[in-house]
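Heads up, the thing below is written out as structure tokens.
The values are calculated or read from the model by the stated rules, or taken from the named source; none is laboratory data. Note that this is a predicted model, so its numbers are computed, not measured. Reconstructed Cβ throughout: ideal geometry from the backbone, glycine too, with neighbour counts over all protein chains shown.
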Amino acid sequence: MSPTDKQDTTPTPQRPLEGKVVIVTGGNSGIGEGIVREAAAQGAKVVIDYVSHPEATDAIVTDIEAAGGEAVGCEADVSKVADLERLVATAVDTYGRLDVMVNNAGVEFGETLATLTEERYDLLMSINLKGAVFGSKLAAEQMRRQGDGGVIINITSTHEDWPMPSDLAYCISKGGMRMLTRTTGVELGADRIRVVGVGPGAINTSINDDDTPAETKALTGAIPLSYIGSPQEMGRVVCFAASEAASYVTATTIIADGGLMQKPGAV
Ligand SMILES: NC(=O)c1ccc[n+]([C@@H]2O[C@H](COP(=O)([O-])OP(=O)(O)OC[C@H]3O[C@@H](n4cnc5c(N)ncnc54)[C@H](O)[C@@H]3O)[C@@H](O)[C@H]2O)c1
């Protein structure tokens, strides 16, 4: 046998997510919008979850349909399990199934241990962590009913691992999503449901609107690739994780940060 006999020469499909049904929470802005648009461009039928700015959702749906794709909006608050049930039901009622669940919705409050209140802690955790936990549970139940696997993607952060004392609750929530990814990845492996974390570094979205120009300059200088990433770039990483090209990737996180975490002294 020659060494090439074992090589997989299957060509990569032009539209790797053709026909897949994908939910993206917090999908009408920032990284979520980048994921929605890239998934649709790769052939997916997309359910766009949102809690505000319905006009932004409508504009994305219009663009996707104009390009020959399929997408539908669904107003659902991920901190409420009943809303998540309605979100999964929307995918099944509209497109017949669910193949990929992207738990992307998240908020970031700049609070230290000294300033954090019970109310702010509960609000952040209910969106970032509880939303991802029950989004995963409901998606897995639907995928198990279908019986042919699926993919759950959790949008974490470099801060799933990297302390940022000014954002204590945010870091705790992303650390929790790291263990959600690893634990459910192990639990769901036998059902051929893969669970992958995607951990963005600094990405150009409104979540960073409070950064001063000086902070943005310092941050950019700390990134080995020397620029702040785009929602489109995160969309491409998520679509890779959701595709068959990542068939052996589960219970782990793909960090997409331009090298930021590895730069000595970047913190
Ligand atoms: N931008 C970055 O630098 C960066 C870095 C690492 C991780 N992230 C993560 O990426 C994800 C998306 O953030 P982003 O930067 O695109 O900011 P963003 O503010 O544009 O996106 C967050 C989205 O979540 C939605 N959302 C908030 N509360 C919700 C709720 N209760 N139910 C449903 N949706 C809700 C918002 O409406 C918004 O659409 C977040 O989980 C964030 O933690 C962002």
Can you find a residue in segment 206-213 that is modelled with pLDDT of 95 or more, over 17 Å from the mean Cα position of the chain (by Cα), more than 17 Å from M164 (Cα to Cα) and more than 14 Å from the ligand (Cβ to nearest atom)?
no
Cβ-Cβ distance below 6 Å, separation of 6 or more or different chains: which pairs start in segment 124-136 with a residue that is closer than 14 Å to V88 by Cβ and of a type in the set (V, I, T) and end on one that is within 11 Å of the ligand (Cβ to nearest atom) and part of a helix (DSSP H, G or I)?
none
Of everything in segment 89-119, what is within 14 Å of the ligand (Cβ to nearest atom) and surrounded by 15 or more Cβ atoms within 10 Å (Cβ to Cβ)? Give them in sequence order.
T90, M101, V102, N103, N104, A105, G106, V107, E108, F109
Name the single residue that is nearest to the ligand (Cβ to nearest atom) among those in segment 223-250 being small (G, A, S) and surrounded by fewer than 17 Cβ atoms within 10 Å (Cβ to Cβ).
S230
Do you know which residues across segment 137-178 are among the small types (G, A, S), within 15 Å of R97 (Cα to Cα) and crowded, with 20+ Cβ neighbours inside 10 Å?
A139, A140, G150
Got a sec? Which helices (runs of 4 or more DSSP H) wholly within segment 152-267 have at least 2 residues that are touching a Ser or Thr at 6+ places or on another chain (Cβ under 8 Å) and under 24 Å from F109 (Cβ atoms)?
168-188
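So that you can scan it fast, the table gives a plain yes or no per residue for (1) farther than 29 Å from S157 by Cβ; (2) surrounded by 23 or more Cβ atoms within 10 Å (Cβ to Cβ); (3) away from the ligand (no atom under 16 Å from the Cβ):
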{"residue": "T12", "(1), (2), (3)": "no, no, yes"}
{"residue": "V46", "(1), (2), (3)": "no, yes, no"}
{"residue": "D49", "(1), (2), (3)": "no, yes, no"}
{"residue": "S52", "(1), (2), (3)": "no, no, no"}
{"residue": "D63", "(1), (2), (3)": "no, no, yes"}
{"residue": "A66", "(1), (2), (3)": "yes, no, yes"}
{"residue": "A71", "(1), (2), (3)": "no, yes, no"}
{"residue": "V78", "(1), (2), (3)": "no, yes, no"}
